[in-house]
1. For the ranges 133-144, 271-282, what's the packing order if you count other beta-carbon atoms within 10 Å of each residue, average per peptide, and put the highest first?
2. Could you give the angle, 0 to 90 degrees to the nearest 10, between helix 24-38's Cα long axis and the longest principal axis of the Cα atoms of the chain?
3. Can you bin segment 158-279 into rounded, prolate or oblate? Criterion: square roots of the alpha carbon gyration tensor eigenvalues sorted a ≥ b ≥ c, rounded for a/c under 1.5, prolate for a/b above b/c, oblate for the rest.
4. How high is the FRET efficiency from Asn304 to Ser84, r the C-beta distance, R0 22 Å, rounded to 0.05?
5. Would you work out the relative contact order for the chain, in percent, from Cα pairs under 8 angstrom that are 6 or more residues apart?
6. In degrees from 0 to 90, rounded to the nearest 10, what is the angle of the helix 175-187 Cα long axis to the longest principal axis of the chain?
7. Which pairs, out of Lys13/Lys53; Lys163/Lys307; Lys53/Lys148; Lys163/Lys187; Lys5/Lys294, put more than 26 Å between their alpha-carbon atoms?
8. Going by a 4.7 Å Cβ-Cβ cut-off, which cysteines of the chain have no partner at all?
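Any read-out appearing in this document is the output of simple, stated calculations on the displayed coordinates, not a laboratory observation. Since the model is a prediction, treat every value here as computed from it, not as a measurement. Here Cβ is always computed from backbone atoms with ideal geometry, including for glycine, and neighbour counts include all displayed protein chains.
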Amino acid sequence: MTNMKINPTYSTKEQLIELYNKPLLELVFEAASIHRQYHNPREVQMSSLLSIKTGGCPEDCGYCPQAARYSTDVEAHKILSVDSVVEQANNAKANGSSRLCMGAAWREVRDNRDFDTVIEMVQAVNNMGMEVCATLGMMSEDQAKRLKNAGLFAYNHNLDSSKEFYGDIISTREYDERLETIENARKAGLTVCSGGIIGMGEAVEDRIGLLMSYMAMETPPESIPINALVAVEGTPLEDQKPIEQWEMIRMVATSRIVFPQSVIRLSAGRTKMNMEAQAMCFLAGAGSIFAGDKLLTTPNPEFNEDKEMFEILGLIPKAPFKEGEQPISYPDEKIEARKAAEAQRKEELEKASREARSNGFEPRKIIVNS
Ligand code: SAM
Ligand code: DTB
Ligand code: SF4
């Protein structure tokens, strides 16, 4: 069995930018073809989010309504009880979710009573047969091991954007500190969920820079959430204009092509997307969504709306992975055959593109999102 954690066809920043900017339908077709080699295209995992400790965060992430320093509608709460987490996990499971991601508005995990409570929550949700994910800020290797021993399946820690753009959005921590926490999760044997946000004013180069950061890892994240910024009143990014749906489709497709085995999650921003655009994202390789009427603090489509969408598109909610299970991979010959077919197609497309140019057609320019 071959490992194709990273697609060998694309390795430089220039190649990735070219890929991102490819004619949209070509990009989606390439992504859809790869998706079918590694995943069941009808299966989409429903993952529910639950904010177990809301608001009052000391960090200054420019997008986040939970930062204490911004004046938003989010009220700070102390940590939820284990019972209330179990109740909400049961509701998510009954509605088709096979994964629960518990989020805390913390800069970092501390070895205190609240962390003991999180450990109990992880044990309880794991016992329900759901994949358990947590996103608690920075953490040490020892803390990661405690979570792993309690039954945690994945740790979510987003790099959000390129290293170059990161400082424009967050000043209270460094990109390298994020990388260190991801490394600690890995050392503890947790799977990694890490992705980004588009629509914060970054350039296409920064979206690609995010993917390059994951390409540089020995093992890229098993799960890559692609969020569109939810511009929340009171945050520094409140006036960002919504991202074009095409950009979300391009980012999902590019991520899918670059990381054939990872699960690409169509994350925040779905309330602003119509069903057709979401369908394009599923075709382009999104294998998971956040399900349930709330993300952490902001609205998300209701379970019923997603059920209807699944029915219309013929999608099936995916069951949780078993311990150690990974997406299937295919033998070398199939990959070689695909690479040869791709090379031939690329040549044909270049020829068609040269002809189109000689007839006065201008290909798409790299768009910088203002
Ligand atoms: N405090 C922890 C941390 O920052 O890692 C965990 C919770 S934090 C809210 C989890 C992730 O949510 C962030 O890394 C960011 O990518 C995403 N996020 C937060 N606010 C968002 C927004 N307004 N729009 C889109 N994504 C957002
Ligand atoms: C991720 O990439 N997106 C989720 C989850 N991982 C933790 C969070 C989205 C938060 C959107 C803003 C909010 O609801 O507060
Ligand atoms: Fe705090 Fe996380 Fe929000 Fe940043 S993204 S302000 S660390 S809760």
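1. So the peptides 133-144, 271-282, ranked by packing, come out 133-144, 271-282.
2. Tilt of helix 24-38: around 60 degrees.
3. oblate
4. 0.45
5. That works out to 25 percent.
6. 80
7. Lys13/Lys53; Lys163/Lys307; Lys5/Lys294
8. Isolated Cys, the chain: Cys57, Cys193, Cys281.
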